[in-house]
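The values are calculated or read from the model by the stated rules, or taken from the named source; none is laboratory data. Bear in mind that the values here come from a model prediction, so they are computed numbers and not experimental data. As a convention, Cβ positions derive from the backbone with ideal geometry for all residues, glycine included, and neighbour counts pool all protein chains shown. All accessible areas refer to the heavy atoms of the entire protein, side chains included, with ligands and DNA or RNA removed. Shrake-Rupley method; radii C 1.70, N 1.55, O 1.52, S 1.80 Å.
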Amino acid sequence: MVAQLVALVREAAAQARLVARGYPAGCGADALPWTVIKPFDDHVRGHVERDPRIEDGRDQVLIAAVNLAEARPGDEDDVPERERLVKAINDLEWVVLSRGIANRAAAAAGYGEAGARLREAADRPSP
């Protein structure tokens, strides 16, 4: 069962949203994109089959993070950029949960059978 991998996707998105909402505290402009995407890269990306939609979603998160980093923190100009970043994170979470397929690395890590769709576990209610 890929429920554990689904939980990792949700946790990575939650961590990314915390960083986005808390920026600039805790990380500089140069580090923001990589800090936002790190939980996804560390815990999810290597456990799902490569999919262009997932990679595009990841790229959109990085682009939105750069745009937020280039906005002046604390200025009202950063509010739309922050919202775009949170939306990009939400979109990445959705695409991984709806399109993601566990790969062999996920199976080796005990996250379920290779080839299992994350959508099936994501649609089930939590116990």
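Observations, loosely collected:
- Environment charge of residue 107, counting only residues whose C-beta is closer than 14 Å and scoring Lys/Arg +1, Asp/Glu -1: 0
- 3J(HN,Hα) along segment 111-122, derived from phi through the Karplus expression 6.51 cos²θ - 1.76 cosθ + 1.60 where θ = phi - 60°, amounts to 8, x, 7, 4, x, 6, 7, 5, 4, 4, 6, 5 Hz, with x in place of Gly and Pro.
- Around the amide H of residue 101, modelled in the peptide plane, lie the amide H atoms of 49, 118, all under 5 Å away and 5 or more residues distant in sequence or on another chain.
- When nucleic acids and ligands are ignored and a 1.4 Å probe is applied, residue 119 ends up with an accessible area of around 90 Å².
- Angle of helix 32-43 to the longest C-alpha principal axis of the chain, folded into 0 to 90 degrees and rounded to 10: 10°.
- Label selected from (i) 7.6; (ii) 13.3; (iii) 9.4, the criterion being mean projected area of the Cα convex hull in nm² as computed here: (i)
- Per residue accessible area in Å² of segment 1-114, where ligands, DNA and RNA are left out and the probe is 1.4 Å: 54
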